[in-house]
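Notes for the one structure printed next.
Just so it is clear, none of the values below were taken in a lab; they were calculated from the coordinates. Just so it is clear, the structure is predicted and the values come from calculations on it, not from any experiment. In this analysis, Cβ positions are derived from the backbone assuming ideal geometry, glycine residues included, and neighbour counts consider all displayed protein chains.
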Amino acid sequence: MSLTLDEVAALIVIDLQKGILAIPTAHPAVAIVEHCAQLAHAFRETGLPVVLVNVDGRAPGRTEATMPAGPRPADWCELVPELDPQPGDVRITKRRFGAFLGTILHAELQRRGATQVVMTGISTSIGVESTARSAYDLGYNVAFVVDAMTDRSSENHRHSVENLFPRIGETGTTEDVLALLAGRSSR
C-alpha cells in the first residue's frame, strides 16, 4: 500500500447512518465507525474538510433488486453520533449510489480548494466505489482507507479493494492516514 495526502485532502465518510449500520456487514461495523470517527477528528484538527454523507432514497431507474417494503424507522437516515458532526463539516444527502451526482459535493470541495478525496464508509462496492469513480472522473486524486470501509459481502469488498481501487487511486490504512496527518501538525 502506498498513500500520500495532498495539501487539501477532504475526508468523505459514506453512509455511516443508523439504518445502514443495522444491515449485517462483512467486517464489524463498530470498527469501521471507530476508524472513521478517528479520521474525522484528525482531519478537523488539521483544518481539512470533512464530508459526511447519508443516503435517503434511490435513483428512479428500474432494477431487479427490490428495496424492503414498508416504512423505515424515523432515525434511519441519521448519522451515527460517534462521527461527532461539527458545524464546519460538509453534509451531503444523496439519492443515488454516489455522492456527486445530484448534490453540491463537487462545488463544496472546489470552494474549499480540495484536490484529493479520502474515501471511507459503507458499502465499499456501492456507495464508496460510486463516489470514488465520480471523484476520479472529476480530476480528484483518490485515496481509500481500506480498514475504514466495509461491504455486505466480503467478496465484493475484496474485489473493489484489490482490483478496482488501485486503478483509480491509492490505498492505505487508518494508521497510515493518521501518521500523515500527525506529520503535518508537527511541521
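Mind checking which residues of region 3-17 are β-branched (Val, Ile, Thr) and in a loop (DSSP other than H, G, I, E, B)?
THR4, VAL8
From ASP56, ASP15, ASP75, grab the single residue that is closer than 21 Å to THR150 by Cα, loosely packed, with under 15 Cβ neighbours inside 10 Å and in contact (Cβ under 8 Å) with a residue 24 or more places away in the chain.
ASP56
Out of SER134, SER130, I need the residue that is in contact with a Leu (Cβ under 7 Å, 6 or more places away or on another chain), part of a helix (DSSP H, G or I) and in contact (Cβ under 8 Å) with a residue 12 or more places away in the chain. Which one?
Step by step, each of SER134, SER130 is checked, and only SER134 is in contact with a Leu (Cβ under 7 Å, 6 or more places away or on another chain), part of a helix (DSSP H, G or I) and in contact (Cβ under 8 Å) with a residue 12 or more places away in the chain.
Would region 172-179 turn up any residue that is in contact (Cβ under 8 Å) with a residue 60 or more places away in the chain, out of contact with any Ser or Thr (no Cβ under 8 Å at 6 or more places or on another chain), part of a helix (DSSP H, G or I) and aliphatic (A, V, I, L, M)?
Narrowing region 172-179 to residues in contact (Cβ under 8 Å) with a residue 60 or more places away in the chain: 172-174, 176-178.
Remaining after also requiring out of contact with any Ser or Thr (no Cβ under 8 Å at 6 or more places or on another chain): 173-174, 176-178.
Narrowing further to those that are part of a helix (DSSP H, G or I): 174, 176-178.
Of the ones still in play, those that are also aliphatic (A, V, I, L, M) are 177-178.
Looking through region 172-179, at least one residue is in contact (Cβ under 8 Å) with a residue 60 or more places away in the chain, out of contact with any Ser or Thr (no Cβ under 8 Å at 6 or more places or on another chain), part of a helix (DSSP H, G or I) and aliphatic (A, V, I, L, M).
Taking the options VAL50, VAL8, name whichever one is among the β-branched types (Val, Ile, Thr) and touching a strand residue (DSSP E or B) at 6+ places or on another chain (Cβ under 6 Å). Explain how you work it out, then say what you get.
Working: VAL8 fails: touching a strand residue (DSSP E or B) at 6+ places or on another chain (Cβ under 6 Å).
Being among the β-branched types (Val, Ile, Thr) and touching a strand residue (DSSP E or B) at 6+ places or on another chain (Cβ under 6 Å) holds for just one of VAL50, VAL8, which is VAL50.
If you scan region 97-136, which residues turn out to be aliphatic (A, V, I, L, M), under 24 Å from THR63 (Cα atoms) and surrounded by fewer than 22 Cβ atoms within 10 Å (Cβ to Cβ)?
Selection gives LEU101, ILE126.
Taking region 137-171, which residues are aromatic (Phe, Trp, Tyr) and in a helix (DSSP H, G or I)?
Of everything in region 137-171, just one residue is aromatic (Phe, Trp, Tyr) and in a helix (DSSP H, G or I), namely PHE165.
State all residues of region 137-177 that are within 19 Å of LEU39 (Cα to Cα), surrounded by fewer than 17 Cβ atoms within 10 Å (Cβ to Cβ) and in contact with a Leu (Cβ under 9 Å, 6 or more places away or on another chain); if no residue qualifies, say none.
THR173
Within region 171-185, is there a residue that is more than 23 Å from GLU82 (Cβ to Cβ) and either among the aliphatic types (A, V, I, L, M) or in contact with a helix residue (DSSP H, G or I) (Cβ under 9 Å, 6 or more places away or on another chain) (or both)?
Yes, the conditions are met somewhere in region 171-185.
So which residues in region 86-119 are among the small types (Gly, Ala, Ser), in contact with a strand residue (DSSP E or B) (Cβ under 6 Å, 6 or more places away or on another chain) and under 10 Å from VAL53 (Cα atoms)? Write out each step before concluding.
Our first condition is that a residue be among the small types (Gly, Ala, Ser); within region 86-119, this holds for 88, 98-99, 102, 107, 113-114.
After this cut, where a residue has to be in contact with a strand residue (DSSP E or B) (Cβ under 6 Å, 6 or more places away or on another chain) as well, the list is 99, 114.
Scanning region 86-119 gives a single hit, ALA99.
Rundown of residues vs (1) touching a helix residue (DSSP H, G or I) at 6+ places or on another chain (Cβ under 8 Å); (2) under 17 Å from PRO81 (Cβ atoms); (3) among the small types (Gly, Ala, Ser), yes/no style:
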| site | (1), (2), (3) |
| --- | --- |
| LEU11 | yes, no, no |
| GLN17 | no, yes, no |
| LEU21 | yes, yes, no |
| PRO24 | no, no, no |
| PRO28 | no, no, no |
| VAL33 | yes, yes, no |
| CYS36 | yes, yes, no |
| ALA40 | yes, yes, yes |
| PHE43 | yes, no, no |
